Amino acid sequence: MKVLLTGGAGYIGSHTAVELLNAGYEIVIIDDFSNSNENVLNAIKKITNKDFEFYKFDYKDREKLEKVFEENKIDAVINFAGFKAVGESVQKPLEYYYNNVTGAIILLQTMKKYGVKRFIFSSSATVYGNPEKVPITEESKTGGTTNPYGTSKLQIEQILTDLYKSDNTWNICILRYFNPVGAHSSGLIGEEPQGIPNNLMPYIVRVASGELEILSVFGNDYDTPDGTGVRDYIHVVDLSIGHMKALQKLDRSGLYIYNLGTGKGYSVLDIVRNFEEATGQKVKYKIAPRRDGDIATCYADPSKAKAELGWEAKRDLKDMCRDSWNYIQKKKES
Ligand code: WQD
């Protein structure tokens, strides 16, 4: 089976590429390196000892996209080519809707033209907004997103739902990621946010390595066990394996939605403690005001993915911390 990965050089795309290649799938990657670089491709090849087709262009370029479908017999598409910085999306809403929503439409139109109807979409727990209760099941209410990034995910989910209603021979799988962290155990691929990171784990890594001075813990007065925000952190390799399981599910038509999380919630201070224990590095932190738009608690009920895909997260918080740290150390050495 040949799988097209748009944004396949990015953080989650590259880890999924590795898992697919290792499992014997053929892959084609499209990436414009807007949030990644060429070295990632070599790293994927080094880890897997396998080769793949690569095209460098913006996935919204319809002509070039069509050429990929003409040159390759694509069986399924996984779309990782989304912009994902929450804060930036507030500053640049048009860019976010254009890239994420229009891009998805162009991709789906092209798939339709070439008769390819298996599609996996990278969605996010952000579509649940401020959840009424935790753990969050796939039936929990969606909506109430507070930024264009989150709204773009919700809009694409709606488009996919309508597409499936119009033609139920599509095989569509929506994967709602919780908080992906960690890196491949080789230390060759991982997360490389540009500039000062917004997300917790990359920020912690940079404080531990001395690149940033101190972590601001955004609020310690939430209604959580220690007052700091609680999230469902999931190792990126587990998440990638989830995509492979979803691909196996797409052998019959349907519209499927799965939460990909561990089902466990950890606070900001839990993460700091576990990071220190796993790596032996000190993480300096201070308590700061709450960050706008943050919610107190968000974690998944992942039981549907377990029951239907036979998937569950295996890697624990220490693995996530150690692998995040290992990646940055390896990068510094190279
Ligand atoms: C986690 C916790 C912060 C930074 C976001 C997106 C979501 C998904 C993942 C994907 C919160 C606290 C953070 C810091 C802190 N997007 N924190 N100090 O907000 O759960 O989810 O990323 O691409 O759609 O909304 O993740 O890592 O930013 O924050 O105290 O410097 O850490 O308040 O409780 P979040 P996060």
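Things worth noting here:
- All of S267, S303 fail the test of being away from the ligand (no atom under 11 Å from the Cβ), closer than 25 Å to G242 by Cβ and polar (S, T, N, Q), apart from S303.
- All positions within segment 63-80 that are more than 13 Å from the ligand (Cβ to nearest atom) and not charged (D, E, K, R): L65, V68, F69, N72, I74, A76, V77, I78, N79
- For segment 118-139, residues that are open to solvent by less than 60 Å² (accessible area, probe 1.4 Å), assigned to a loop (DSSP other than H, G, I, E, B) and either over 13 Å from I295 (Cβ atoms) or of a type in the set (F, W, Y) (or both) total 3.
- Residues of segment 19-53 satisfying the condition of being over 18 Å from the mean Cα position of the chain (by Cα), closer than 19 Å to F69 by Cα and of a type outside the set (A, V, I, L, M): Y25, E26, D51, F52, E53
- Selection status of A104, open to solvent by less than 10 Å² (accessible area, probe 1.4 Å) and assigned to a loop (DSSP other than H, G, I, E, B): no
- Checked against (1) at negative phi; (2) touching a residue at least 60 places away in the same chain (Cβ under 8 Å); (3) in contact with a helix residue (DSSP H, G or I) (Cβ under 7 Å, 6 or more places away or on another chain), G310 passes all but condition (1).
- Of all the criteria given as (1) at positive phi; (2) open to solvent by less than 30 Å² (accessible area, probe 1.4 Å), the one not satisfied by G144 is (2).
- Any hit, segment 241-248, residues being at pLDDT below 95, more than 14 Å from the ligand (Cβ to nearest atom) and at negative phi: yes
- Across segment 130-150, the qualifying residues are those that are without any contact (Cβ under 8 Å) to a residue 24 or more places away in the chain and more than 11 Å from the ligand (Cβ to nearest atom), and the one among them that is nearest to Y266 (Cα to Cα) is K133.
- Scanning segment 288-334 for residues that are among the β-branched types (V, I, T), more than 22 Å from Y128 (Cα to Cα) and either assigned to a loop (DSSP other than H, G, I, E, B) or open to solvent by 80 Å² or more (accessible area, probe 1.4 Å) (or both) yields nothing.
- Conditions (1) in contact with a Pro (Cβ under 9 Å, 6 or more places away or on another chain); (2) within 15 Å of the ligand (Cβ to nearest atom): number failed by L154: (1)
- Residue among D51, D31 that is of a type in the set (D, E) and closer than 23 Å to V101 by Cα: D31
- Qualifying residue in segment 101-120 (condition: within 14 Å of the ligand (Cβ to nearest atom) and touching a residue at least 40 places away in the same chain (Cβ under 8 Å)): no
- Any chance Y258 is within 22 Å of the chain's Cα centre (by Cα), open to solvent by 40 Å² or more (accessible area, probe 1.4 Å) and closer than 30 Å to D162 by Cα: no
- Here the condition is being near the ligand (Cβ under 10 Å from one of its atoms) and either under 17 Å from the mean Cα position of the chain (by Cα) or under 16 Å from N274 (Cβ atoms) (or both); of Y203, Y222, it holds for Y203 alone.
- Where a residue in segment 215-231 is touching a residue at least 24 places away in the same chain (Cβ under 8 Å) and its partner, wherever it lies, is of a type in the set (A, V, I, L, M) and within 6 Å of the ligand (Cβ to nearest atom), with Cβ under 7 Å and at least six apart: V217/V268; T228/V217; T228/V268; G229/V268
The values are calculated or read from the model by the stated rules, or taken from the named source; none is laboratory data. Just so we're clear, the structure is a prediction, and the values are computed from it rather than from any experiment. Quick reminder, even Gly has a Cβ in these numbers, built from the backbone with ideal geometry, and neighbours come from all protein chains shown. The protein model used for the area step is the full one, side chains on, heavy atoms only, and it has no ligands, DNA or RNA in it. Shrake-Rupley method; radii C 1.70, N 1.55, O 1.52, S 1.80 Å.
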